[in-house]
Amino acid sequence: MKKSLFLAALVLMSAGCFAQKKNVSKARNLADAETPDYAAAREAINEALQNEETKDQANTWYVAGWIDYKQFENEGIKMQLGQGGDENARGNAVYESIDYWVKAYNIAMTPVYDKKGKAKYDTRTVKSILPKMLEYFQSQALITTGYAAYEAQDYSKAYDMFMRHLNIPEMEMMKSDAKIASEMVIDSNYYTCLYYAGRFAYEAKRYNDAIATLERMNSDAAMAKANRRDVIFANEYIYQIYIEQQDTTHAVAQLQKSIQAFPEEPWFMQNLINLYINSGQEAKAIEYLDLAITREPNVGQYYNSKASILARIGRFDEAFATFEQALAIEPNNALFLESYGYAYIDLGNKLSDDATYLDAKAFAKAEVEIKAAYQKALPYFQKAYELESDNDSYKRSLRQLYYRLGMIDEYNALAD
């Protein structure tokens, strides 16, 4: 009796296992049919993927990916024949199948030991997967679908699609076959796609993904050199992300690193200088302005910025000398002229503050020096206004100075 029950249970178990293997075959047949039924094929394979008897078999996962591969293939044929074809469905199928085939590969490469202790692997499944993965990469179906998602403003999907494509050459299973690996060309187009993937992540507010993706562009020195413009843009984006996250520490580090990596690109230097100026770190700002001047000695703005900082911290003689250097490069720059004038205003204000508690005799002497400082600002304000008379800022500055110097007729002449 017990033997009969055991045999009956064994028959039931075998029948269940056979049924699931039948589902695997059924799924493949439905996908391979002249008129494929992908929905029914997926329904059949999903049962096998969840069944204890078949879920750990490489072929089960291979067939799951095969269904998507056949959809990718058939949609491509339709497009070639001018019979329509759904490019997005094609890319989505590629995206889904990769997960299945990674799982199939991992199971296939898990050693099974025979009685002699010799490891055996399912190389047949591996050899079936790798060429098709190469086909996916070369077709760029994921890129096409990703770009369509970007145009639809689904930035997160666009990023995921691009990254799935870009990560194919990085997969261990793709590196395991030297011939396959050699056919996956990492060229300038690859780096351009990497750059756009980082931008998509940024637009999707997936900032950590954006930074990690854009940082990859710095990893290959040769490719970074060949695609230098995109790499520079990538590093600019990384800085912007840190600023938006109010992460000043990493923002400064990013700029400092980029200044060393891209000495020909002044954008990084200029933003670092502005960061130091706006945070009140005048000494650091001057340090990097001096470096900027060394690299680009004919850029007047560097001298003007340095002179303005020197005036702000009370080093007026150095400031005036540096303003002269700025104007030697751009003598008709209205902004430089106004900045120079304001340095004299600042000097006059400082002298005025210092004179507050002087005795009458010393105060009278200080008043002469104060007025002289304001008077020295006048020609710079006048010339700035002369150069750009439609600029309200220059007009306002000059009018206020006329009032301060008691030049009422001139003050009234500039009335609105």
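Here the Kirkwood formula puts the hydrodynamic radius of the range 255-297 at 10.2 Å, using every distinct Cα pair. When peptides 269-280, 170-181, 389-400, 352-363 are ranked by their average number of other Cβ atoms within 10 Å per residue, the highest-first order is 269-280, 389-400, 170-181, 352-363. The length gained by stretching the chain between ASP354 and TYR121 to full extension, at 0.36 nm per residue less their Cα-Cα distance, is 75.1 nm. Along the Cα-to-Cβ line of ARG295, 7 Å from the Cα, sits a label point; which residues in the range 247-283 have backbone N less than 11 Å from it? The answer is 255-273.
Note on the range 290-416: Rg/Rh from C-alpha atoms, Kirkwood Rh, equals 1.03.
The rule of thumb for compact globular proteins, 2.2 N^0.38 Å, goes into the C-alpha radius of gyration of the range 268-357 1.10 times. Under a model in which nothing but the beta-carbon of Lys, Arg (+1) and Asp, Glu (-1) is charged, the range 15-185 shows a dipole of about 860 debye around its Cα centre.
Each of ASN412, GLY76, ASN349 was scored by the projection of its Cα onto the charge dipole of the chain, and the greatest displacement toward the positive side belongs to GLY76; charges sit on the C-beta of Lys, Arg, Asp and Glu. Enter the angle in degrees (range 0 to 90, nearest 10) between the Cα long axis of helix 155-167 and the first principal axis of the Cα atoms of the chain, meaning the one along which they spread out most. Between helix and principal axis, roughly 70 degrees. Taking the charge dipole of the chain about its Cα centre, with +1 at Lys and Arg Cβ atoms and -1 at Asp and Glu Cβ atoms, the residue from TYR62, ALA89, ALA311 reaching farthest to the positive side is TYR62.
Can you give the FRET efficiency for ASP86 and VAL112, using 1/(1 + (r/R0)^6), R0 = 51 Å, r = Cβ-Cβ distance, to the nearest 0.05?
0.80
With only Lys, Arg, Asp and Glu charged, each at its Cβ (+1 for the first two, -1 for the last two), find how big the charge dipole of the range 268-332 is about the Cα centre; round to the nearest 20 debye. Write out the running numbers ahead of the final one.
Working: 5 positive and 8 negative charges, 36 e Å.
Here the size comes out at about 180 debye.
Quick check for me: using +1 on Lys/Arg Cβ and -1 on Asp/Glu Cβ, what's the dipole size of the chain about its Cα centre, in debye to the nearest 20? Dipole about the Cα centre, nearest 20: 2140 debye. Over every Cα atom in the range 15-185, the radius of gyration and the widest Cα-Cα span, Dmax, amount to 17.0, 58 Å. The long axis of helix 87-108 is offset from the longest Cα principal axis of the chain by roughly 70 degrees. Seen against the Cα atoms of the chain and their longest principal axis, helix 360-387 is set at about 60 degrees. You can think of it this way: the chain between ILE329 and ALA413 has 27.0 nm of extra reach, that is 0.36 nm per residue less the Cα-Cα gap. Taking only the C-alpha atoms of the range 188-262, the Rg (one decimal) and the largest Cα-Cα distance, Dmax (whole number), read 11.6, 33 Å. In summary, the lysines within cross-link reach of LYS361, defined as a Cα separation below 22 angstrom excluding same-chain residues under 8 places away, comprise LYS350, LYS371. Dividing the Cα radius of gyration of the chain by its Kirkwood radius returns 1.28 for Rg/Rh. Mind checking the full-extension length gain between ASP317 and GLU151? Use 0.36 nm per residue of separation minus the Cα-Cα distance, one decimal, nm. Length difference between fully extended and current span is 54.1 nm. Picking from ALA201, ALA224, HIS250, whose Cα lies most toward the positive end of the charge dipole for the range 188-262 (charges on Cβ: Lys, Arg +1; Asp, Glu -1)? Of ALA201, ALA224, HIS250, it is ALA224.
Every number in this text was worked out from the coordinates using simple rules, so none of it is lab data. As the structure is a computational prediction, the values presented were derived from the model and not from experiment. Heads up, the Cβs are rebuilt from the backbone with ideal geometry, glycines too, and the neighbour counts pull from every protein chain shown.
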